[in-house]
Structures are given as structure tokens and as C-alpha cells.
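Here, each number is a calculation from the coordinates, and none is a lab measurement. Not measured: the values here are computed from a predicted model. Backbone-built Cβ (ideal geometry, glycine too); neighbour counts: all protein chains shown.
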Amino acid sequence: MKHPIACLGLAVIAAIAPSGLALGQTAPEKFVVSGKAAERIQDFTTINLATAEQITQVCEDAVTARNDGGAHTIMILDNDGNEVYSDRMDGQGYQNVVTAEFKARTALLGRAPSKTFMNRVQRDANQELSTYQLGFYPVAGGLPIVVNKQMIGVIGVGGYGPNPPIWSDEICARTALLKVIGPGIPPLLEDIREPRNPRTVPVPRFAAATPPKTTLPAEYVVGGKGAANVFDANQISLASAKKIARVCRDWATAKGSAMSAYILDNAGELVHMERMDGLDGNEIREALLKAQTALRRRQPTSIDAAQLANNPAGISRSSVFWHYYAVSGGLPIVVDGQMIGALGISGVEGGQDENCAVEGLKAAFGAHVTLPVYPAAGTP
């Protein structure tokens, strides 16, 4: 016997389905993951690596062209909140990195610019607590990435002292979206100024009289004003990090595979990450865990992986309590004997994550880099 309510429900669905399909919008293929990669993740509406990379580069080029010493951290997420592409320009610190992510996740959660929630708090301070409790970071700089009425991801930009309408994190994000996505990007919301308390407490200045020094080639590490900002001249530069990832990406592509990469500085902060099309959240998370483990252990994660295979009893305990991830693909980045960061690669088929990482490191640093040495076949 058919249930009348169920039949009615089916009839309603059948009646509205055509109009629903007619209203549906499809993002142009050039902006989203497509083909076999999209089939693998069962999603044809998520921003692809090429678009995310282009948006990020336009934002970086725009602030560099200003020549005012400013910099940005840029993070692009897909609709599931997975990282797709991220850069931290030289001289950015911890707060710049995490605020870019907070802004991106606020735009994702609210499906609106993060300034929406900033302005809400500016208009009514009583809204601030509930805004935080709901998980929003009410600071401008996060924007949805929308194409043909379809949200394909979000961007969060941090690190630049706000100076609208001249320049800001949010202006950089929108400038990049206009150039890459094209007309149709909505105008920015109005800037509601926060009332300022009069300055009655002197603010101390903290700057080193002597800039930090390094013995490494200048192209490998953060230098100049960037190094002075973070009091460290031995952090891997963004240019070097991107070269590692680009070579590894090309190597994986030549193998008919894909990869996710995370590159951290020597303090464990993000410098660069990217996820090739068709990889899922686990492969992104794995790359980060490998980089973090290589940084803490100051050795390749393949060593822990081998030790786990040889003696499962001890490594499992240390992995859980010390947060080591004993899977091959993580390498410390040691150049001329100095550790300047760490690299994690995941997703390359055939267990070749570490091989991919090695290719990237060799291309970026040549004979300067320390690489794992493997025993001869049959040697324990």
C-alpha cells in the first residue's frame, strides 16, 4: 500500500525538480575542479588549484607594486573548508597567518564577507560576544569566491595594516578576484570606523638595533625588512618554498599523479601550501602532519616509518603522546647545515611522497641541501 504523504512528497519533488534545475548555475570549467579529478572527490563546484594560485599571485603582485613595505598572508579554502592554496609573504608572523585563515573561515561559515560581521559589531557592541561564540572572526579581509551565483571557495587575507580606501587586506582580495574571475564581483561593504580611545598610555617600541644575519645565500631565506620584522634571517623564503612545491607538482603530474604540499618555516608557521585537483581533506591533513613531524623530529618521517615497521611497540606510543606522524613524505629543510623549515608531501601514488619532496628540494637548493641517504638493497 502506498502512503499518501509519501506519494504527495514525490509528486512535489517531481513538480519542482525542473524549475530547480533551470535555476541552477554552473561555474565555468576553467575555475573549478573538473574531469576525473572532480569525479574522484564527487564535486564539480570546488575551486581548482590554477584559479587559487592565480588569485593569490595577483594579490601578492598588487601589494608588492605599492612598494610601501607591506605584505599579506593569503589563504584560499574550498567549500568544505579544506586548504587549496596559501602563501605567507616574507616578514609575516604568526598573527598574520592565523588571521588570514580566520577571515577565510568566517566568509565560508557566513557565506558573506567577514566585514559583514565586523560592521555588525561596530554598530552594536552587544553583538560581539555572540559573534565570537558562533565562530565568526569579525575583521575585514575574508570574501566568498562566487562565479555565476555559485560559491566555489573563499579567500582570507591578513597582515596589512588597514588603510581603506587606499589599501587593505580586503582591497587586495577583491582586486585579485576582479582580475581573475572578472566583472560581477560585488562592491566592498562600507567601512564603519571603530571609535578610538584617546592615547593616554605610551606604547613601547621594540626593534633590534642590528638586523639578523645569515650565512646562507640570500635567495633561500627571508631577508631585509622581512627578516628584521621577525628577528630571524634563517626562515625559508616564500620564493624558495614555491619553487619546491612547483617542481614537486610537475614531478607528480609527470607520474600521472597529484600531491598536497605544506611548507613551514623553522618556527612551524605556514609559508606555502597547495593542493592539486582531485585530492581530499585527508591528503591535505597528512601533508601538514608530515611537515610538523619533520620539524619537531628534525629528521625525515621515513625514519619513523621504518622504525614503526621494525618495532611497532615503541613508536606508536611516542607518535600519540608527542604527535609524531610516522608516514614517509616529511623532510626537514636543512641548507648548508642550517634548518630553515620543513616540508610535507602527501597524495603521490605508489608511496612516492618522499621522492617528490626530494626532487623539489634538489631543484630549489642543489648541493646545499641535506637529503636522506638510503641503505643498499638488502641492508637492514
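In table form, for the structure just shown:
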{"item": "Helix-only mean residue ellipticity at 222 nm for the chain, each DSSP H run of n ≥ 4 adding -39500 (n - 2.57), per residue, nearest 500", "result": "-13500 deg cm²/dmol"}
{"item": "Whole-angstrom gap from the range 47-97 to the range 114-190, using each part's C-alpha centre", "result": "14"}
{"item": "Interchain or long-range residues, amide H under 5 Å from VAL32's placed H", "result": "ASN48"}
{"item": "Within the chain, longest stretch clear of exposed chymotrypsin sites (Phe, Trp or Tyr not before Pro) (DSSP loop, no more than 14 other Cβ within 10 Å)", "result": "1-205"}
{"item": "Average Cα contact separation per residue, the chain, under 8 Å, 6 or more apart, as relative contact order %", "result": "14"}
{"item": "Highest average packing first - 368-374, 170-176, 302-308, Cβ atoms within 10 Å", "result": "170-176, 302-308, 368-374"}
{"item": "Residue-wise HN-Hα coupling along the range 51-60, computed from phi with Karplus coefficients 6.51, -1.76, 1.60 (Hz; x: Gly, Pro)", "result": "5, 4, 5, 5, 4, 4, 5, 4, 4, 5"}
{"item": "Long-range HN-HN contacts of ILE145 with modeled amide H, under 5 Å", "result": "ILE152, GLY153, VAL154, ILE155"}
{"item": "Sequence ranges 240-246, 140-146, ranked by mean other-Cβ count within 10 angstrom, highest first", "result": "140-146, 240-246"}
{"item": "Spatially proximal lysines relative to LYS149 (Cα-Cα < 16 Å; intrachain offsets below 8 disregarded)", "result": "LYS30"}
{"item": "Reachable lysines from LYS362, criterion Cα separation under 27 angstrom, eight or more residues apart if same chain", "result": "LYS213, LYS242, LYS243, LYS255, LYS290"}
{"item": "GLU194 versus GLU349: modelled label distance in nm, points set 7 Å from Cα along the beta carbon direction", "result": "5.0"}
{"item": "Qualifying trypsin sites (Lys or Arg not before Pro) in the range 64-153, DSSP loop, other Cβ atoms within 10 Å at most 13", "result": "ARG111, LYS149"}
